[in-house]
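First the structure, in the form of structure tokens, and then the observations on it.
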Amino acid sequence: MSDLITRLWPNPTTQTALRGLYLNSPLLPPDWTGQTFVYSNFVTSLDGRIALPDANGTGLTVVPDSIANPRDWRLFQELAAHADLLITSGGYLREFAAGLAQDSLPVSTDAPYSDLLEWRRDQGLPAQPDVAVLSSSLDFVLPDAWFADGRRVFVLTTADTADTAALQLQAQGVELLTFPGTAVSGRAVVDVLAARGYRRIYSVGGPYVLRTLLADNVLDTLFLTTVPRLIGGTGGPGILEGLPLDCPVDLQLSSLYYDGSAHEGVGQLLARYDRRR
Ligand SMILES: NC(=O)c1ccc[n+]([C@@H]2O[C@H](COP(=O)([O-])OP(=O)(O)OC[C@H]3O[C@@H](n4cnc5c(N)ncnc54)[C@H](OP(=O)(O)O)[C@@H]3O)[C@@H](O)[C@H]2O)c1
């Protein structure tokens, strides 16, 4: 299988290696002047599905094998290598507890990704990015492994700090940050994390986390892998769910690569979109 992919945009068209594509490209746009940079990443089918209902009837949804693939996963990990902090969700933790998540949260410690851990060391970064979980319900269990590397783990919630679940999380070492209302706002997420020194924040949450960030226009960059497969399936989310946004968020295409080797030649498009500023 070839490691080569084809750059389609910007011109001119060139061949380059998939491995290192996002690791070695500057994460921040060239004209970046902001303090905190927030980015996210999805892999989607051509008909816009990022997950399908779990066939085992758990009531959860999972990323199907028809779109997940190791080449996209490599790029997902490369993006994680750049991060100071990962944003995830209560939904991810329920999926993880049910054994349905693709992996424990990156950066992966599996052998094929050891270069990414070395890269972080070379950059003077901690072994693993810290983590912030968005959850109103607090209906999840945190893996003890998250604390093993000295990671800071934040839970951003609208629940009461005196709730049993909140007390348990704090006893486990979680820094619990509470907010009014029924959902934490994107602005609040970025403000509290920026105040704690986080500069490169990678959202690996799903479509409601993305909506939270877009509703307050605090997402700077979206990496989107599209597998040109139609998979159908009622109840499978797209990259963005929930109520319509009050203001549409305009992005501009910054780079586009064609990877012809994914899914035994089905291929995929690797796009980077930056928020228009
Ligand atoms: N294909 C892909 O690239 C991709 C990427 C990401 C996720 N996915 C899939 O998409 C599906 C859904 O993902 P997900 O459950 O991780 O993410 P999600 O749908 O974005 O998040 C769902 C949960 O996150 C919490 N949440 C989100 N926004 C919140 C806010 N503003 N305030 C408080 N809590 C908030 C809530 O947790 P509580 O219910 O605990 O309150 C909510 O139920 C999963 O099947 C996942 O595998 C696919």
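The values are calculated or read from the model by the stated rules, or taken from the named source; none is laboratory data. Remember, predicted model here, so these are calculated numbers, not experimental data. A quick note on method: Cβ atoms are made from the backbone with ideal geometry, for glycine too, and the neighbour counts reach across all protein chains shown. Keep in mind that these areas ignore ligands, DNA and RNA; they rest on the heavy atoms of the full protein, side chains included. Shrake-Rupley method; radii C 1.70, N 1.55, O 1.52, S 1.80 Å.
Quick rundown of the values:
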read-out	value
Å² of accessible area per residue within segment 78-220, as computed with a 1.4 Å probe and no ligands counted	42 Å²
Computed E for residue 28/residue 276 - FRET, C-beta separation, R0 25 angstrom, nearest 0.05	0.95
Gain on full stretching of the segment that runs from residue 65 to residue 162 - 0.36 nm per residue minus C-alpha separation	30.8 nm
Label-to-label distance, nm, for residues given as residue 136 and residue 250 (7 Å Cα→Cβ offset)	3.2 nm
Theoretical gain in end-to-end length, residue 199 to residue 118 [0.36 nm per residue, Cα-Cα removed]	27.1 nm
Vicinal HN-Hα couplings computed from phi for segment 237-248 (Karplus, 6.51 cos²θ - 1.76 cosθ + 1.60; Hz; Gly/Pro x)	x, x, 5, 9, 10, x, 5, x, 6, 4, 10, x
Computed [θ] at 222 nm, helices only, for the chain once each DSSP H run of length n ≥ 4 contributes -39500 (n - 2.57)	-6500 deg cm²/dmol
Sulfur and carbon atoms: percent of accessible area, the chain [1.4 Å]	52 percent
Residue 128 long-range amide H proximity, modeled H, under 5 Å	none
